[in-house]
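I'd like to ask you about the structure that follows.
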Amino acid sequence: MTIGFPFRVAVSTCALCMTGLLVFAPATAAAHTGSDPGAPGAPPPAAASPALLYRPGVQVRPHRGVPRVPDVSALSWVVADADSGEVLAAHDAHRRLPPASTLKTLFALTVLPVLPGGLRHTVGANELADIEPGSSLVGVAEGQTYQVADLWRGVFLNSGNDAVHVLAGLSGGWSTTAARMQAKARALGARDTYVRSPDGYDTPGQVSSAYDLAVFLFFFFFF
């Protein structure tokens, strides 16, 4: 079954963003012509309407001999092909839920390209003042000097909200970073995501979906 985002056909960052905006819209994909999908100028693989992903419940077209979709406890999920980006099966893919630390993927997509890894920064008290209680921390300390690359390790290896606060400060501030993340989500075609807190800490109005998170992961790992 292929019911969504075959957007790997684009060849540049701008084209990728535009393709995302088009393919994620509830519109029927072009019919398969039988061309070699790897040939230059060939159309993307055929796909059913992405509108299927807006339907409640499990969406899948099982093939003969393939085991049935197992029951899982997740409120929503997406299974996608890592090479093509096509959705193979989904359950309430566009259901909006608090993303928690999975939103750090969008944070990385937004901020990682603009901060040199070798940049050194001494952490001030104000950068750690607003970390919410119960946050996951990596141990960033006031007055200590860190390389940006090490702060990113704190984000990726320990989901450190303290590292996110410092990196957000370096990239324009908390509110500015949230606004940039919001713009990045829309540029990638992720329409279910609303950013209020760049570290993903549960905040009123902050939501995303399994589909949007799959989009962020796809771009993060493959582009």
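The values are calculated or read from the model by the stated rules, or taken from the named source; none is laboratory data. All values reported here derive from a predicted model rather than from experimental measurement. We place every Cβ from the backbone using ideal geometry, glycine too, and count neighbours over all the protein chains shown. What goes into the accessible areas is simple: the full protein's heavy atoms, side chains included, and nothing from ligands, DNA or RNA. Shrake-Rupley method; radii C 1.70, N 1.55, O 1.52, S 1.80 Å.
Could you check, for the range 79-89, whether at least one of its residues is touching a helix residue (DSSP H, G or I) at 6+ places or on another chain (Cβ under 9 Å), open to solvent by 40 Å² or more (accessible area, probe 1.4 Å) and at pLDDT 95 or above?
Checking the range 79-89: not a single residue is touching a helix residue (DSSP H, G or I) at 6+ places or on another chain (Cβ under 9 Å), open to solvent by 40 Å² or more (accessible area, probe 1.4 Å) and at pLDDT 95 or above.
Would you say Thr203 is part of a loop (DSSP other than H, G, I, E, B), of a type in the set (Val, Ile, Thr) and over 13 Å from the mean Cα position of the chain (by Cα)?
yes
Another question about this same structure. Among (1) buried (at least 17 other Cβ atoms within 10 Å of the Cβ); (2) at positive phi; (3) of a type outside the set (Lys, Arg), there is one condition Gly57 misses while meeting the rest; what is its number?
Among (1) buried (at least 17 other Cβ atoms within 10 Å of the Cβ); (2) at positive phi; (3) of a type outside the set (Lys, Arg), the lone unmet condition for Gly57 is (1).
Considering each residue of the range 179-199, count those that are part of a loop (DSSP other than H, G, I, E, B) and open to solvent by 60 Å² or more (accessible area, probe 1.4 Å), and give that number.
We begin by selecting, within the range 179-199, every residue part of a loop (DSSP other than H, G, I, E, B); these are 188-193, 195-199.
Now narrow it down to the ones that are open to solvent by 60 Å² or more (accessible area, probe 1.4 Å): 191, 196.
Adding up the residues that qualify gives 2.
Does Asp71 satisfy the criteria of being modelled with pLDDT of 85 or more, out of contact with any strand residue (DSSP E or B) (no Cβ under 7 Å at 6 or more places or on another chain) and loosely packed, with under 11 Cβ neighbours inside 10 Å?
yes
Oh, and also: Do we find a residue being part of a helix (DSSP H, G or I) and under 29 Å from Phe221 (Cα atoms) anywhere in the range 130-143?
No.
I would also like to ask the following. Would you say Phe220 is open to solvent by 40 Å² or more (accessible area, probe 1.4 Å) and under 14 Å from the mean Cα position of the chain (by Cα)? Give the steps one after another, and end with the answer.
Working: open to solvent by 40 Å² or more (accessible area, probe 1.4 Å): yes; under 14 Å from the mean Cα position of the chain (by Cα): yes.
Yes; evaluated as a whole, the condition is true for this residue.
Determine, yes or no, whether Gly118 is within 19 Å of the chain's Cα centre (by Cα), more than 12 Å from Pro198 (Cα to Cα) and small (Gly, Ala, Ser).
The answer is no for Gly118.
Same structure, new question: Yes or no: the range 58-68 includes at least one residue that is without any contact (Cβ under 8 Å) to a residue 60 or more places away in the chain, within 14 Å of Ser209 (Cβ to Cβ) and not in a strand (DSSP E or B).
Checked against the condition, which is being without any contact (Cβ under 8 Å) to a residue 60 or more places away in the chain, within 14 Å of Ser209 (Cβ to Cβ) and not in a strand (DSSP E or B), the range 58-68 yields no hits at all.
From the list Arg196, Arg186, exactly one residue is farther than 14 Å from Lys104 by Cα, touching a helix residue (DSSP H, G or I) at 6+ places or on another chain (Cβ under 9 Å) and not aliphatic (A, V, I, L, M). Which is it? First the steps, then the outcome.
Working: Arg196 fails: farther than 14 Å from Lys104 by Cα.
From the options Arg196, Arg186, the qualifying one is Arg186.
Mind checking which residues of the range 144-173 are over 19 Å from the mean Cα position of the chain (by Cα) and open to solvent by 40 Å² or more (accessible area, probe 1.4 Å)?
Result: Gln144, Thr145, Tyr146, Gln147, Asp150, Gly169, Leu170, Gly172.
To continue, here is another question. Considering every residue within the range 111-125, establish whether at least one is touching a residue at least 60 places away in the same chain (Cβ under 8 Å), assigned to a helix (DSSP H, G or I) and open to solvent by 50 Å² or more (accessible area, probe 1.4 Å).
no
Answer yes if at least one residue in the range 96-115 is of a type outside the set (Val, Ile, Thr), more than 17 Å from the chain's Cα centre (by Cα), closer than 14 Å to Arg153 by Cα and modelled with pLDDT of 95 or more, and no otherwise.
The answer is yes, given that some residue of the range 96-115 is of a type outside the set (Val, Ile, Thr), more than 17 Å from the chain's Cα centre (by Cα), closer than 14 Å to Arg153 by Cα and modelled with pLDDT of 95 or more.
So the check is Cβ under 6 Å with 6+ separation or different chains; which pairs have a first residue in the range 198-223 that's on the phi > 0 side of the Ramachandran plot and a second one that's open to solvent by less than 30 Å² (accessible area, probe 1.4 Å)?
Pairs found: Gly200/Pro99; Gly200/Leu103; Gly200/Lys104.
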